[in-house]
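Below: one structure, written as structure tokens.
Each reported figure results from applying straightforward, stated rules to the coordinates on display, with no laboratory input. Everything numeric in this text was worked out from a predicted model, so none of it was measured. Please note: Cβ atoms are built from the backbone with ideal geometry, for glycine as well, and neighbour counts cover all protein chains shown.
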Amino acid sequence: MILRILLLFSCLPFTAWAQFSLSGKISLEGQADPAFGASVYINELKTGTTADTAGYFRLAGIPKGSYTIRVSYISLPTITEKNVRIDRDIKKDFVMKSGANALEEVVVTGTMKEVSKLDSPVPVDIITSKFLYKNPVPSIFEGLSYVNGVRPQLNCNVCNTGDIHINGLEGPYTMVLIDGMPMVSGLSTVYGLSGIPNSLIERVEIVKGPASTLYGSEAVGGLINIITKNPSKAPRFSADAFSTAWRDYNVDLGVKFTPGEKSSSLLGINYFNYQNPIDNNKDGFTDMTLQNRISIFNKWSFDLKNNRQANIAARYYYEDRWGGQMQWNRSYRGGDQVYGESIYTKRFEVLGNYQLPMPEKVTLQYSFSSHNQNSAYGHVPFNADQKIVFAQFLWDKEIGKHSLLMGTPFRYTFYNDNTPATRYADGQDHADKIYLPGIFIQDEIKSGPHSILLGARYDYNSRHGSIFTPRAAYKYKFNQTDVVRLNIGRGFRIVNLFTEDHAALTGSREVILKEALKPEQSWNGNINFVKKIVTGNSFIGIDASVFYTYFTNRILPDYDTNPNEIIYDNLDGYAVSKGISMNLDFNFPFPLKIIAGGTYMDNFQKENGVRFRPVLTEKFTGTWSVSYEIQKAGLSIDYTGNIYGPMRLPILSEDDPRAANSPVWSLQNIQMTKKFDNGLEIYGGVKNLLNFTPPANSIARANDPFDKNVKFDGQGQVIATPENPYRLTFDPSYVFAPNQGIRAFLGMRYTLR
């Protein structure tokens, strides 16, 4: 019987039980590098493999039949081929093409040239507009709260103004650009990050570490480049509006115009309103500053002959904000009866670029900003005016393996205010004017997997004289998934003497500038390693960095040596910022994505042999974003959060009852979004799930904001009294986290392509 069965099977065609193979090569469109790690998957058999370092793959043991083959590479658009007939050994090649969801994002900030993120010799973090939508916020300032190593810092419990810290360094060390132009600096550092319509933001690029060689002063600790959408590629109409249980309202509108075949325009409007005083901690002061803000942004793009382009944009910004005692109204502005901090801000900006009609690639970049502030901090008025003009020519040239970039920047800063800082000994008001011409050159040399970037910049500051800032970078690209970078650079910062401590400039004082005053300088080194581990249809992205920065010549105002003078001089000491940072990016075959990051820092200053940690500098930070999508239902769920280690806080004395260090604290949020086919999205959720708020006594002597009941001795020191046993004065600077507790939010977003 057995012999008969074997004889019967021997008569059947060989292919009835034969198995075959599928092999080939996977390459990347327009690139010589193979798609190392790309996955090939057969749906019906639930089996797959990955391409080797040369891009080759092979799947064996495939029964005869028709199959659906999927080829994917990191997050490039997946290739799907249905009804592929396999009845023999087949060789089939695939070419992966870039698309809207490609992981190989284009970056420009690190080198002032458009390159893929992996090809950039300078590590650049990218925050897309989609990331900002995971936790809707009324300004980009708050949106950066969930970026690893970046922390928005509130500097005042009353007016809620703040700045951006990168790797624990204070806000003045962070430069903020809009489309590559230095728009947010000096006086506007405190307020300029509000009112940029989120609907017009294409992406945010962040460089951690000095970038002064390309971008000049203020880029000592790092820079943030907010890149707005290209009008020609923007949707025809977009709208985003949301509100929270605190009754604050935010509206973003975007409209695209195409008046001609070679021109397009994008108009954006942002409006934010909060007029609901709340005092949950019962200290008598508003927990959140009341604001009425509008920002209008208009950008034009023109296609010129020979594929040249030109862009011009303008923005108008107005804000009226106040915070203070709950009974405050405008009639108390500038008086000493009821305490309030009231700030009127008017700002106008113009920025653009124009590629000159000549054989060489030469581009003119330009910007102008006017910032006017009318404010009252209690009974102290502060009125200031700042104007900044910037222009530079950029020459971009490719010569063999050399990619050259040369620039001739010029910057003029005008500043004036009503304080003694600009009133000299002659009793007259003297505006501060600084001229800053310069020149820089950069050369990127590529040879196979190696890339070397060398750069140098020379500036002449009308106050400080000559400034030289070199930098060097080396990148080795093992393959399309593994890259290591080494960067070394020098940074410098011209201190804006009269804008960083303007609330403290009271009384009649003469400004003294030491002849030997030098710009703040730094040397920075960092090593960055990027690896993407591909496992079938999923991958893990690892981005790790070790950084070290050494600062010298730090400049701080001295109010103590002479009560009739403000003395500016370089400190006799140095500062160090060092640490390690890691970002992890998990993409799974099912619709789950996790982004997590952590940074451990050791920041300190040393002066006169004494080492200490600066105030409001945390030891570690962590951020995360977990997203899950239910595709059939059009639902997505986003869980975002951050965590901060203890930071030293600015207490008034050893008798101050407030804690000298903050606790470990975290802000966490959850959001659900429903998407419809017509471009409508409805989203809602809860912010600050843990209901974390700072201590109720964060404002010292909130009951006596004008220090009317504080006693002082002959040396100006506070005397302990039964009414003031801890020798305190009014102090709103003890702040490390927002005072807004848990709250619900609801919003709607609509996009018309």
FRET efficiency, I643 to M672 (Cβ-Cβ, R0 30 Å, nearest 0.05): 0.85
Dipole of the chain, positive direction: furthest Cα of T68, F440, W300, with charges on the beta-carbon: T68
Among V534, S145, Y644 - extreme Cα towards positive end, dipole of the chain, charges at beta-carbon: V534
Hydrodynamic radius by Kirkwood, which averages 1/r over all alpha carbon pairs of the stretch 566-686, in angstrom: 18.3
Chain lengthening between M358 and S370 when straightened (0.36 nm per residue, less Cα-Cα): 1.1 nm
Dipole moment magnitude, nearest 20 debye, the stretch 581-684 about Cα centre, only Lys, Arg, Asp, Glu C-beta charged: 140
The chain, helix-only ellipticity at 222 nm - DSSP H runs n ≥ 4, -39,500 (n - 2.57), divided by all residues, nearest 500: -500 deg cm²/dmol
Shape of the stretch 297-346, Cα gyration tensor, a/c cut at 1.5: prolate
Spin-label model distance (nm) - A245 vs A472, 7 Å beyond Cα toward Cβ: 5.8
Once the Cα gyration tensor of the chain is diagonalised, semi-axes √(5λ) in Å: 52, 30, 25
Tail weight of P(r) past 15 Å, computed on alpha-carbon pairs of the stretch 339-383, percent: 63
Whole-number percent relative contact order across the chain, with pairs defined as alpha carbons under 8 Å at least 6 apart: 10
Cut-off of 10 Å, at most 14 other beta carbons, DSSP loop: longest stretch of the chain lacking such chymotrypsin sites (Phe, Trp or Tyr not before Pro): 18-423
Distance (nanometres) between label positions extended 7 Å along Cα→Cβ at S116 and D429: 5.6
On Cα atoms only, tilt of 2-11 relative to the major axis of the chain in degrees: 80
Computed FRET value (nearest 0.05) for N709 with Y750, which takes r as the C-beta separation and R₀ as 56 Å: 0.50
Cα gyration tensor shape of the stretch 16-96, rounded if a/c is under 1.5, else prolate or oblate by comparing a/b with b/c: prolate
Spin-label model distance (nm) - K282 vs V610, 7 Å beyond Cα toward Cβ: 3.8
Sequence-distant lysines (8 or more away, or on other chains) whose Cα lies within less than 19 Å of K632: K593, K674, K675
FRET efficiency, 1/(1 + (r/R0)^6) with R0 41 Å, evaluated for S263 and F586 via beta carbons: 0.45
Of K82/K233; K477/K578; K475/K578; K531/K606, those spanning more than 30 Å from alpha-carbon to alpha-carbon: K82/K233; K531/K606
Whether the stretch 400-473 is rounded, prolate or oblate, judged on the alpha carbon gyration tensor where a/c under 1.5 counts as rounded: prolate
Candidates per trypsin sites (Lys or Arg not before Pro) in the stretch 645-709, loop by DSSP, up to 12 other Cβ within 10 Å: K708
Share of Cα-Cα pairs in the stretch 130-225 lying beyond 18 Å, as whole percent: 41
Per-bin percent of Cα-Cα distances, the stretch 633-744 [5 Å]: 2, 10, 15, 15, 12, 10, 9, 7, 6, 5, 4, 3, 2, 1, 0
